[in-house]
Structures are given as structure tokens and as C-alpha cells.
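No lab work stands behind these numbers, since they all come straight from the coordinates. Since the model is a prediction, treat every value here as computed from it, not as a measurement. So basically every Cβ, Gly included, is an ideal-geometry build from the backbone, and we count neighbours across all protein chains shown.
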Amino acid sequence: MPSDGSGAGSGGHHTAQFIDIPPSGRYASFTATTVDRVKDHKIIDHWSDADFTAFLQQPAA
């Protein structure tokens with residue numbers, strides 16, 4: 001069962017209001033992972049995981 005996965009991350013300083021969180025100047029980062037199951041050169045299943053809760057907690061810490 002062939003599969004392909006990837007991960008990505010990004011980050012930056014919190015300098016503007018985001019949702020209802022006022023600017024903190026703190027660094028916040030975000031990571032995500034995706035996995036696709038491929039059969040006959042077509043994606044037949046897709047999974048994704050991102051820790052958005054941890055991202056939102058970083059500026060407020």
C-alpha cells in the first residue's frame with residue numbers, strides 16, 4: 001500500500017490582532033502533517049493533522 005506524507009511549519013512574530021488576540025510581539029509557530037494514500041497514481045485517502053490549539057496559545061503565554 002504506497003503512501004506519501006509531508007510536514008510543514010511556519011512561524012513569525014505576533015504583531016497584529018489575530019481573531020480576538022491582541023498583538024503580543026511573541027514568536028508563534030505552526031506545524032502540520034499530511035499523509036496521502038496513493039493507488040494507480042491517484043490519491044484515494046487523505047489525512048491531515050495540525051495543532052491549531054497550541055498555535056493559538058503561544059501569543060497568550
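Summary of computed values
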{"read-out": "Selection of trypsin sites (Lys or Arg not before Pro), the stretch 8-61, meeting DSSP coil and at most 16 other Cβ within 10 Å", "value": "Arg26"}
{"read-out": "The chain - mean residue ellipticity at 222 nm from DSSP helices (-39,500 (n - 2.57) per run, n ≥ 4, rounded to 500)", "value": "-2000 deg cm²/dmol"}
{"read-out": "Contour minus Cα-Cα distance for Ser24 and Asp40 (0.36 nm per residue)", "value": "0.9 nm"}
{"read-out": "Dipole axis of the chain (+1 Lys, Arg; -1 Asp, Glu on Cβ), positive-most option in Phe18, Val35, Ser6", "value": "Phe18"}
{"read-out": "Reported label for calculated volume of the Cα convex hull per residue in Å³ given (1) 110; (2) 92; (3) 80", "value": "(2)"}
{"read-out": "Length added when fully stretched, Thr15-Asp49, from 0.36 nm per residue minus Cα-Cα", "value": "9.6 nm"}
